[in-house]
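Just so you know, all these numbers are worked out from the coordinates, no wet-lab data involved. Computed from a predicted structure; not experimentally measured. Note that we place each Cβ from the backbone using ideal geometry, even for glycine, and neighbour counts take in every protein chain shown.
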Amino acid sequence: MRICVLQSSYEGSESSLQEVDTNFPNPGAFTSQHSFENRFIHKNTAKQEIDAVIAEQFDFYINFLWGTLDDDVAGIQASRYLESSGVPSAGLRSWERSRSKNDFYESASRRGAPPVPGKEKFPLFVKPANGCASQMIDDQSLCHDEVELQKALRRINGRLRDSRWRRAKVLGKEDPQAYVDSYDPDSRSSDDIVVQEYIDGRDYLVSVIAFGESALALQPCVVKIRDTPNRANFLTFDMKFDDQTRFEVISRQDNPTLYDRLQEVALEAFETGGFRHSYMGCDVDMRVRSNGEVFAIEVNPQPACFLPDETGFADAPITESLPGGHMAVVNIFVANYFLQNDTLREWSKVAKVYDEMATDYDETVRTVSQIDDIMRKVTRNFDFEGTVIDLACGTGGFGRLLAECQPGRHRHREGPVVGFDLSPGMVDSCRTMGFYNEVYVSRMQTCLLEYVTHTKIDHIVCFSAIHFLSPEEFAFLLVSCFVIAQKSITIGVDEIPHVYNENLHKRGSSFMHSFNHLQNMEAFGKPRGWTLVSRQRQFGWNSPATKDDVYTTTFRFERVDPQSIHYVRLARFE
């Protein structure tokens with residue numbers, strides 16, 4: 001895909017961040033699977049610049065326009081204009097940027113999750129309700145009594161005057177000065193100021209990736225800062241950009257209770273903030289008391305920084321715990337949009353083709369295909385004890401061979417076999433075969449996420465079907481498999497030749513377009529906690545429609561580290 005990345009430009013602005021924020025999110029530095037082009041958008045000329053970008057007709061847009069109404073860079077209004085155009089996109093959203101930290105705290109309090117600090121008990125902490133990067137936070141933000149609180153309120157009210165002036169101009173206030181002066185410098189209830197209980201503890205961060213109708217909480221990080229004796233432990237603006245400030249992933253083995261609770265609170269914050277609808281996700285900042293009590297302090301709408309490692313804000317959770325890393329996370333953003341809007345393929349037409357061949361499918365396969373031979377070898381050579389999920393199960397060939405091919409076994413294989421297929425006709429045939437405990441009509445991209453809430457899944461198999469997925473959907477499905485499967489993943493990757501798609505087009509069957517994902521599979525790599533135990537290539541099938549030969553490479557992955565099951569936490573939302 002040709003992807004446009006929209007960036008907020010500091011050119012001509014008076015932003016306090018431009019001196020320290022010298023890098024910009026650059027997905028193209030982390031994956032070569034797509035072509036990325038950065039476009040820098042200015043606040044005062046955003047509409048014209050976005051019109052020009054849309055005219056370039058990119059395949060997809062990733063929006064990093066981060067400015068609030070208080071900021072002197074492109075953000076809310078530019079994002080709203082982009083959204084109104086209807087182009088396919090993921091990223092920061094105008095509705096999210098329009099909400100303050102106070103809005104999030106109030107939503108969390110109404111919902112009862114995630115836990116957030118209270119407002120009354122000293123010591124109290126004072127900070128802006130908008131903005132990022134710990135702006136206007138310093139040692140005087142922490143107040144131990146009413147006198148310190150009043151000093152902090154007067155101080156932050158003075159520092160917010162410029163922000164309020166910019167906000168008044170954007171809101172179209174006739175008298176911006178009157179708007180600025182309307183704020184009581186002694187009030188603790190101003191809509192752009194947060195006054196909340198200070199949580200004495202350590203800072204943690206969890207990245208949450210939007211994942212279809214679900215979400216993935218990645219490996220938590222602890223925030224490490226410069227040793228500063230005789231002061232409270234919290235990040236100020238200066239410390240945020242200090243060269244010793246860094247994020248370090250933590251191990252679940254050290255404290256399983258804390259690890260799981262951090263992910264749980266992060267997922268609650270993700271859902272409370274509505275971040276599914278950005279197709280990207282969020283970062284959740286938390287503080288943890290010495291007794292293990294966890295509080296959500298802030299939610300940032302960008303779960304992947306795409307910044308160089310030396311900045312101190314490297315995406316450690318993505319590289320350490322998300323299968324496929326940065327390549328996968330970009331594909332997830334893209335797939336989230338297209339799966340929701342269902343515009344990539346006419347799946348009903350694909351299903352109809354298989355409906356029409358369901359009755360004669362097994363005979364056809366025996367004539368033109370070696371898929372039965374491939375599956376037979378797999379069932380003979382590898383263990384499938386436990387629950388087996390067969391993606392794109394067709395008429396149920398794998399289940400039949402799994403029941404037949406158990407040489408050397410002195411006991412019956414235990415565990416259900418569950419099939420999913422897009423074609424109702426194929427599903428009916430599979431049910432008639434009688435080798436599957438359950439069979440459902442569902443698309444392979446999302447069926448795992450829907451079914452995993454019912455039971456533990458030990459093994460996932462998929463043969464002669466993955467080629468129907470786009471590269472983005474392919475990565476989305478692989479991540480699903482590696483997150484969900486407890487024991488093994490077996491996938492046959494069909495090496496579709498270019499001539500096959502050319503012949504489909506000539507026949508008027510472009511909706512059956514297929515992809516050769518061999519290179520994508522190799523680039524995805526071997527996720528942490530897994531090993532590739534087998535990679536076998538052989539002739540797969542000859543297309544009855546185009547007469548083209550297709551070779552198949554079968555990959556068998558097995559989980560070697562049981563603890564890796566807990567790196568990522570999956571939650572499904574209704």
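Placing dummy labels 7 Å off each Cα toward the beta-carbon, the span from Arg159 to Lys377 is 6.6 nm. One decimal place: the segment Thr359-Asp184 gains 55.3 nm when fully extended, by the rule 0.36 nm per residue minus the C-alpha distance. With the simple spin-label model, which puts each label point 7 Å out from Cα in the Cβ direction, the Lys121 to Lys47 separation comes to 5.1 nm. Taking 0.36 nm per residue of separation and subtracting the Cα-Cα distance, full extension of the segment from Asp242 to Ser107 would add 45.3 nm.
Taking the Cα centre of the chain as origin and assigning +1 to Lys and Arg Cβ atoms and -1 to Asp and Glu Cβ atoms, the resulting dipole is close to 820 debye.
In loop segments of region 100-202 as defined by DSSP, the trypsin sites (Lys or Arg not before Pro) with at most 13 further C-beta atoms inside 10 Å of their C-beta are Lys121.
The dipole here belongs to region 345-566: it is taken about the Cα centre, uses +1 on the Cβ of Lys and Arg and -1 on the Cβ of Asp and Glu, and is about 460 debye. With a cut-off of 19 Å, note down the residues of region 32-72 whose backbone N falls inside the zone around a label point 7 Å from the Cα of Lys173 toward its beta carbon. Residues passing the 19 Å test: 68-72. DSSP assigns beta bridges within the chain; of those with both partners inside it, close to 65 percent run antiparallel. The stretch between Glu404 and Val249, if pulled fully straight at 0.36 nm per residue, gains 51.2 nm over its current Cα-Cα span. Region 476-505 and region 62-138 have their alpha-carbon centroids 38 Å apart. Its alpha carbons give region 75-197 an Rg and a Dmax of 16.4, 52 Å. Per-residue 3J(HN,Hα) values for region 458-465, derived from phi via the Karplus relation 6.51 cos²θ - 1.76 cosθ + 1.60 with θ = phi - 60°, read 8, 10, 10, 10, 7, 10, 6, 8 Hz in sequence order (x marks Gly and Pro).
Placing one identical point scatterer on every Cα of the chain and ignoring solvent, what is log10 I(q)/I(0) from the Debye formula at q = 0.06, 0.13 Å⁻¹? Once normalised to I(0) and log-transformed, intensities are -0.36, -1.31. Counting only DSSP H runs of at least 4 residues, each contributing -39500 (n - 2.57), and dividing by the residue count of the chain, the helix-based mean residue ellipticity at 222 nm comes to -10000 deg cm²/dmol.
Going 7 Å from the Cα of Glu385 along its beta-carbon direction, which residues of region 541-574 have the amide nitrogen within less than 15 Å of the resulting point? Counting only backbone N, you get 559.
Across the chain, C-alpha contacts under 8 Å between residues 6 or more apart give a mean separation that, scaled by the residue count, equals a relative contact order of 12 percent. Once the Cβ-Cβ distance of Asp428 and Ser32 is raised to the sixth power relative to R0 = 30 Å, the FRET efficiency obtained is 0.10.
Applying a threshold of 29 Å to the alpha-carbon distances of Lys240/Lys487; Lys43/Lys101; Lys377/Lys547; Lys119/Lys240; Lys377/Lys526 flags Lys240/Lys487 as lying beyond it.
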